[in-house]
Amino acid sequence: MSESATDEVQESVNASANATARVPSTPEGMAIAYGSLVIMALVPILIGAFRSVRHHKEQKESGEKPDTMTQKDAAMFPIIASCALFGLYVFFQLVSKDYINYLLTGYFFFLGILALTHLLSPVVSKLIPASVPNIPFHLLLVKGKAPQTEDLLNYEFTSHDLVCMGLCSGIGVWYLLKKHWIANNLLGFAFAVNGIELLHLNNVVTGCILLGGLFFYDIFWVFGTNVMVTVAKSFEAPIKLVFPQDLLEKGLDANNFAMLGLGDIVIPGIFIALLLRFDNSLKRKSNFYFNATFFAYFMGLVATILVMHLYRHAQPALLYLVPACLGTPLFLALIRGDIKTLFKYEDHPAEAEVVKEIKKLE
């Protein structure tokens, strides 16, 4: 959900009564902010989608059991998300938001460091001089005795990863102490890329169920109530990307922000990543469906911003993004004769066949 319009309306009400009110948005500042948000939304999807292809290949080669969302999970997700959202809203009404945000800040501080480390480790490792040894480590914590054991922790890393974690911890501390918008965006960017890379939809049907459910979820909680806007404005955590509209006037100390929730990036992003893996399965040396849907997402995001700016009201971004991201590939697949192939495609068909056999036996 994008909410800068709500902030602008609130600012216009408070400006005359508050001498320290934020600098009003200028056309130039708004153009820079909105353009930056669009770029910051597109880049994680682009990076995360291609990383998901690599992650998918690694899973197949290693025989690792994938964690994929089932159709039941997809159907239940909007309900679970609604309960969590309303729960946070009640908490913010009953308990001081400062106490809740202290807890959430600490939680996302550690998660953000891990996400940023996972994202930047390949880059940092190449920059570290060859004279610095790259020593492998393996943390393993198991439950029970052999041969019946269960892995509770199984994590491999290197000394280069530890160097990267040290650098990322600095960014985490910066966010923890200053809550600066740049630090927020770095952590949010890492969350978005990791989410798109690691959260896999096994097939298009599951994606349609998930996006369809969240389409109505977003509309209800934005237009039907003030719950989502209230939670988003009270929630101090790097779960949204922000960019100041008064950057030209106040520089890096700007504080009049346009924002875009990570859900509006990750949810369509995991579906677009699925289409990239589908393109690869066709072996046509073309990412046709990925490219078309990626462009449709861009147009949907632009439509969200234009409507928000026109009506000066927070918009449920999925209202525009879901039809764009679902309608485009389905329509093109129908025209190109790929509709059956698209719906039959599964990331992990072997696992799907096992599930079907188990159901038959039951």
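Could you tell me what percent of the accessible area of the chain is made up of carbon and sulfur, with a 1.4 Å probe and every protein chain present? Don't skip to the end; give the middle numbers.
Details: 12820 of 19080 Å².
That fraction is 67 percent.
Quote to one decimal, in nm, the extra length available between His138 and Phe220 on full extension: 0.36 nm per residue of separation minus the C-alpha distance between them. Walk me through the numbers before you get to the answer.
Working: separation 82, 0.36 × 82 = 29.52 nm, distance 4.64 nm.
Value of the extension gain: 24.9 nm.
Could you sort the peptides 194-204, 126-136, 280-290, 227-237 by per-residue average Cβ neighbour count (10 Å cutoff), highest mean leading? Provide the component values of the computation, followed by the final result.
On the way: 194-204: 21.6, 126-136: 9.1, 280-290: 14.6, 227-237: 18.5.
The most tightly packed comes first, giving 194-204, 227-237, 280-290, 126-136.
Looking at this model, which pairs from Lys285/Lys340; Lys60/Lys126; Lys97/Lys179; Lys57/Lys126 are more than 18 angstrom apart at the alpha-carbon? Intermediate values should be presented prior to the final figure.
Working: Lys285/Lys340 20 Å; Lys60/Lys126 26 Å; Lys97/Lys179 15 Å; Lys57/Lys126 22 Å.
From the list (Lys285/Lys340; Lys60/Lys126; Lys97/Lys179; Lys57/Lys126), the Cα-Cα distance tops 18 Å for Lys285/Lys340; Lys60/Lys126; Lys57/Lys126.
Give me the extension gain from Lys250 to Tyr102: residue separation times 0.36 nm, minus the current Cα-Cα distance, reported in nm with one decimal. Walk me through the intermediate numbers first.
On the way: separation 148, 0.36 × 148 = 53.28 nm, distance 2.74 nm.
Fully extending the segment from Lys250 to Tyr102 adds 50.5 nm.
Among Asp253, Asp218, Asp347, which one shows the biggest mean-square fluctuation in a GNM of the chain, springs joining Cα atoms closer than 10 Å?
Most flexible of the set in this elastic network: Asp253.
Quick one: how many Å² of Val205 are accessible to a 1.4 Å probe, rounded to 10?
50
Extending each Cα 7 Å along its Cβ direction at Ile128 and Ile182, get the distance between those two points in nm, one decimal.
Label at Ile128, label at Ile182, 2.5 nm between them.
Contact order normalised by length for the chain, with contacts defined as Cα pairs under 8 Å and 6 or more residues apart; what percent is it? Before the final figure, lay out each step's value.
Working: 478 pairs, mean separation 107.0, N = 362.
So the answer I get is 30 percent.
What value, in deg cm²/dmol to 500, does the helix sum -39500 (n - 2.57) over DSSP H runs of n ≥ 4 give at 222 nm once divided by the residues of the chain? Provide the component values of the computation, followed by the final result.
Details: 14 runs with 250 residues, N = 362.
Calculated from helices alone, the mean residue ellipticity at 222 nm is -23500 deg cm²/dmol.
By how many nm would the segment from Glu64 to Val302 grow when fully extended, if each residue of separation counts as 0.36 nm and the alpha-carbon distance is taken off? List each step's numbers first, then the result.
Details: separation 238, 0.36 × 238 = 85.68 nm, distance 3.89 nm.
Between Glu64 and Val302, full extension yields an extra 81.8 nm.
Using only the Cα atoms of the range 182-250, build the gyration tensor, take square roots of its eigenvalues as a ≥ b ≥ c, and label the shape rounded, prolate or oblate: rounded if a/c is under 1.5, else prolate if a/b is larger than b/c, else oblate. Spell out each step's value before the answer.
On the way: a/c = 2.72, a/b = 1.35, b/c = 2.02.
It comes out oblate by the Cα gyration axes.
Would the range 107-162 count as rounded, prolate or oblate if I go by the C-alpha gyration tensor, calling it rounded below 1.5 in a/c and otherwise prolate when a/b exceeds b/c, oblate otherwise? Before the final figure, lay out the partial values.
Details: a/c = 4.11, a/b = 1.62, b/c = 2.54.
In terms of gyration-tensor shape, oblate.
Run the simple label-point estimate for Leu162 and Ile80 please: 7 Å along Cα→C-beta, distance reported in nm.
Computed distance between label sites Leu162 and Ile80 equals 3.6 nm.
How long, wide and thick is the chain, going by the Cα atoms along their three principal axes, in whole angstroms, largest first?
Computed over the chain, the largest-to-smallest principal extents equal 69, 56, 43 Å.
Going by the alpha-carbon gyration tensor, a ≥ b ≥ c the square roots of its eigenvalues, is the range 131-270 rounded (a/c under 1.5) or, if a/c is not under 1.5, prolate (a/b greater than b/c) versus oblate?
Working: a/c = 2.54, a/b = 1.28, b/c = 1.99.
Because a/c hits 1.5 or more and a/b fails to exceed b/c, the range 131-270 counts as oblate.
Could you pull out which residues in the range 205-243 have an amide N less than 19 Å from a spot 7 Å beyond the Cα of Arg284, following the Cα-Cβ vector?
Answer for this model: 205.
For the chain, which DSSP H helices look membrane-span-like by this rule: Cα extent along the axis of 20 Å or more and mean Kyte-Doolittle of at least -1.0? Don't skip to the end; give the middle numbers.
Values: long enough: 27-62 (52 Å, 0.29); 71-94 (35 Å, 1.20); 97-127 (42 Å, 0.99); 159-178 (29 Å, 0.97); 181-198 (25 Å, 1.11); 204-219 (22 Å, 1.89); 263-282 (29 Å, 1.33); 288-311 (34 Å, 1.46); 318-336 (26 Å, 1.79).
Span-like helices, by this rule, are 27-62, 71-94, 97-127, 159-178, 181-198, 204-219, 263-282, 288-311, 318-336.
Looking at the P(r) of the range 70-209, how many percent of alpha-carbon pairs lie beyond 23 Å? Mind showing how you got there, number by number?
Values: 5601 of 9730 pairs.
Value for the range 70-209 (Cα pairs over 23 Å): 58 percent.
Skip the ligands, DNA and RNA, and give the accessible area per residue of the chain with a 1.4 Å probe, whole Å².
Working: 19080 Å² over 362 residues.
Result: 53 Å² per residue.
Keeping all protein chains in position, work out how much accessible area Phe189 exposes to a 1.4 Å probe, and write it in Å² to the nearest 10.
Roughly 50 Å² of Phe189 is accessible to a 1.4 Å probe.
The values are calculated or read from the model by the stated rules, or taken from the named source; none is laboratory data. Since this is a predicted model, take the numbers as computed values, not measurements. When we count neighbours, we look across all protein chains shown, and the Cβ atoms used for this are built from the backbone with ideal geometry, even at glycine. When the accessible area is computed, the model is the full protein with side chains, heavy atoms only, and any ligands, DNA or RNA have been set aside. Shrake-Rupley method; radii C 1.70, N 1.55, O 1.52, S 1.80 Å.
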